[in-house]
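What follows is a short report on a single structure.
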Amino acid sequence: MKSIQLFCLLLLLAIPTWATHIVGGELSVQYANRDYRYTLSLNLYFDDINGESEAEDNEIFVAVFSKTTHQRINYFALSQSGSSQVAYTSASCVNGRLQTRQIRYSTEITLDPNIYTEAGGYYFTWERCCRNETIANSINPGNQGMVFYLEFPALSKDGRRFINSSPAFTMPKGDYICVNEPSIFEFGAADADGDALKYSLVAPLAGNSELRNPPFGIGPNPGEGKVFYPAPYKTLNWLAGYNLSNVMGGPVPLQVNATTGQLIFTTNRLGLYVFSVLCEEFRDGVKIGAVQRDFQLLVIDCPKNSAPVVQIKQENATALYQQGQIMTLSYSGQPCFEVLVSDPDFSATIQLQVNALNFPAAALTVSSTLGRITNPKDTLHSKVCFIECIPHSMQEPLLIEIIASDNGCPVPKRDTMVVQVYMEPIPSISPDVETTLPDNTVMVQNVQSINFNVTATDRDGDKIKLYAVGRGFSLAEMGMSFTNSSGVGTITQPFVWTPTCELMENKNTFAIDFITEDNSCSTDRFDTTTVYLTIESFEKVISQFMPPNVFTPNNDGANDYFQIPNLPSDNCQYVFQSIEVFNRWGKPVYSSHIRDFQWSGLGFPTGTYFYLINYGAIVYKGTVSLLR
């Protein structure tokens with residue numbers, strides 16, 4: 001008898017300690033952007049309140065099977081790579097009964113393109129026992145395992161390489177659910193390849209692992225004497241009254257949005273409920289893969305929390321704005337409306353969010369976005385005003401979304417109202433803008449400054465703006481100087497630009513729009529004048545210009561000096577540097593570095609003289625005769 005008792009004790013000691021508080025998880029296969037390397041990972045969600053820390057695995061083993069033959073192709077070792085808490089939507093809502101941790105396992109693997117060729121594809125699996133013992137919708141959950149399952153396509157299609165990453169579920173929230181409260185839970189995924197995703201509720205997989213039947217893929221010698229079970233897998237044993245159509249009970253059964261993965265439900269039963277969502281991926285309308293995530297939701301009896309109430313009131317109006325109405329505001333007065341938020345709950349913190357739905361958000365200001373309701377009769381006041389013109393028509397009103405959220409748990413309650421606004425323009429004569437540049441066009445063929453004034457005028461004496469916009473370029477980047485400004489009635493600003501030789505290497509035309517705008521907010525509140533600046537480095541052939549060849553310094557006021565008033569202008573190739581004059585024996589008699597030089601010939605005899613005009617890269621030679 002003692003021998004039998006000892007044998008039973010040793011048998012019990014030999015049974016591994018399996019995690020009985022696994023919340024759920026999912027597999028992931030992501031292309032590593034090189035060769036045929038992929039990152040294979042598992043996200044495991046663990047109950048940190050009731051979980052057994054000694055049951056955490058440092059290493060797991062994931063198998064891959066053919067979907068066609070269900071033959072095992074390979075298995076891979078994944079090491080624990082980190083863990084982090086699954087955050088609540090609001091940190092202030094942390095509940096001592098629910099704390100979930102994500103444990104991550106991963107490794108980089110190579111998938112041989114000569115092996116993974118089956119058109120039917122493959123599936124990765126990992127089995128683990130056991131589920132949380134307190135699950136309310138399953139029979140004997142503490143002795144039921146789970147299967148983490150992912151489908152993956154072949155590495156080639158129609159003779160070409162086929163690259164794919166599986167859908168990656170986003171990190172869930174760690175929130176609990178309030179009984180008898182309509183609930184929304186985000187459960188979507190992202191796909192690195194942009195494939196179409198489709199979500200559906202499926203029965204959680206139980207697989208083959210039990211307390212006394214250790215799962216594959218765990219242990220000191222995985223794969224040695226252990227069985228990697230292929231599909232099909234047993235599904236969860238539902239408790240009577242629960243099934244895929246009634247996962248949690250309640251007036252609104254748990255359902256998943258097929259496009260977004262969002263969960264919607266209202267349950268009237270307390271407890272912990274397990275469920276599973278399958279995310280399938282499609283490319284060009286053809287299914288290429290899938291990943292299944294198991295998870296649990298805890299339903300508790302929450303303190304009553306009422307949603308805030310948003311009301312809108314136009315300034316000086318006697319009645320409140322009603323949803324669907326069009327409010328008319330005018331820029332001639334205060335284009336504002338008031339937001340009133342109340343909350344039946346005592347001591348509620350209100351967060352106000354104002355969204356411009358069909359116009360730039362910068363056109364709005366909000367006086368207050370945060371406040372506290374100290375008693376049920378208290379009201380939060382905030383003013384929303386337009387500070388910029390928004391051209392629109394009566395057929396397309398401006399849409400402003402007002403969202404008020406409280407600090408309730410597990411997630412804030414909110415109220416939303418969309419306000420439709422028609423902005424009434426101020427009657428006005430449109431302004432004018434003009435420049436001092438003749439014909440608003442200039443051609444510059446050498447390095448020289450372009451200067452002109454721009455003037456904006458409003459005959460009504462309204463507030464106006466004046467600004468410049470380069471077509472396809474920035475004025476500052478081109479070195480153009482012009483200051484955008486505002487004023488009343490009339491504004492004048494100078495434009496200055498000296499093009500660089502780099503810009504003048506090729507012929508370029510720069511179009512600049514000078515725009516004035518008044519504050520009427522009417523559709524004709526603008527006026528625009530466009531100037532065209534053409535620049536080109538003009539290389540004048542020096543040999544073709546005709547300098548004088550004789551001068552007569554006899555003080556009669558006519559041709560008394562040797563000078564060349566028509567010297568070629570400097571450009572990006574040639575710049576005047578000096579002139580030198582020599583007698584017939586080559587002796588210098590005159591020199592100057594000034595292009596407006598004048599040589600009087602004083603003290604030198606009549607005769608022929610030689611000169612050199614130095615333009616740096618070119619030198620012009622000529623003769624001049626001094627006569628008296």
Roughly what % antiparallel, to the nearest 5, for the DSSP beta bridges in the range 309-424? 90 percent
Using per-residue counts of other Cβ atoms within 10 Å, averaged over each peptide, order 274-282, 566-574 from highest down. 274-282, 566-574
Expressed as a whole-number percentage, the relative contact order of the chain with C-alpha contacts under 8 angstrom and at least six residues apart is 9 percent
Heads up, the range 381-441 by the C-alpha gyration tensor (a ≥ b ≥ c square roots of eigenvalues; a/c under 1.5 rounded, else a/b over b/c prolate, else oblate) looks prolate
Give me the mean projected area, in nm² to one decimal, of the convex hull enclosing the Cα positions of the range 542-626. 5.5 nm²
In Å, what Rg and Dmax follow from the Cα atoms of the range 432-535? 14.4, 46
Mind giving me the nanometre distance, one decimal, between the label points for R414 and T235, set 7 Å out from Cα along Cα→Cβ? 3.5 nm
For the range 432-535, what is the relative contact order in percent, using Cα pairs closer than 8 Å and at least 6 residues apart in sequence? 36 percent
Expressed in angstrom and rounded, the centroid-to-centroid distance over alpha carbons for the range 228-305 and the range 399-450 is 46 Å
Residues E388, E502 arranged by fewest to most Cβ contacts within 10 Å: E502, E388
Using 1/(1 + (r/R0)^6) with R0 = 51 angstrom and r between the beta carbons of S330 and N140, what's the FRET efficiency to the nearest 0.05? 0.10
Value of [θ]222 nm, deg cm²/dmol, for the chain, DSSP H segments ≥ 4, -39500 (n - 2.57) each, nearest 500: -500 deg cm²/dmol
Sites A617 and D193 - FRET efficiency at Förster radius 51 Å, r taken between beta-carbons, to 0.05: 0.30
For the range 18-300, Kirkwood radius (reciprocal of mean inverse C-alpha pair distance, Å): 19.3 Å
Listed peptides 291-302, 371-382 by packing density, highest first (mean Cβ within 10 Å): 291-302, 371-382
Sorted on mean Cβ neighbours within 10 Å (highest first), peptides 148-158, 428-438 come out as 148-158, 428-438
Please work out which option in [x] 81, 42, 19; [y] 46, 31, 20; [z] 69, 27, 21 gives semi-axes √(5λ) of the Cα gyration tensor in Å calculated from these coordinates, and answer with its label. [x]
Given 0.36 nm per residue, what is the gain on full extension from C501 to S92 after removing their alpha carbon distance, in nm? 140.8 nm
Using only Cα atoms and rounding to the nearest 10 degrees, what angle (0 to 90) does helix 2-14 make with the longest principal axis of the chain? 20 degrees
For the range 120-194: rounded, prolate or oblate by the Cα gyration tensor [a/c cutoff 1.5]: oblate
Computed label-point distance, nm, for sites R628 and M546 using a 7 Å Cα→Cβ extension: 3.0 nm
For the range 309-424, what mean projected area does the convex hull of the alpha carbons give, in nm²? 7.3 nm²
Counting alpha carbon pairs within less than 8 Å and at least 6 residues apart, what relative contact order, in whole percent, applies to the range 309-424? 33 percent
Under a crude label model (7 Å from the Cα following the beta-carbon direction), how far is S156 from T69 in nanometres? 1.7 nm
Using Cα positions and a limit of under 18 Å, work out the aspartates and glutamates in reach of K234, with same-chain residues fewer than 8 apart set aside. E26, E127, E151, E210, D294
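Every number in this text was worked out from the coordinates using simple rules, so none of it is lab data. Everything quoted here is computed from the prediction, not taken from an experiment. Counting neighbours? That spans all protein chains shown, and the Cβs are built from the backbone with ideal geometry, glycine included.
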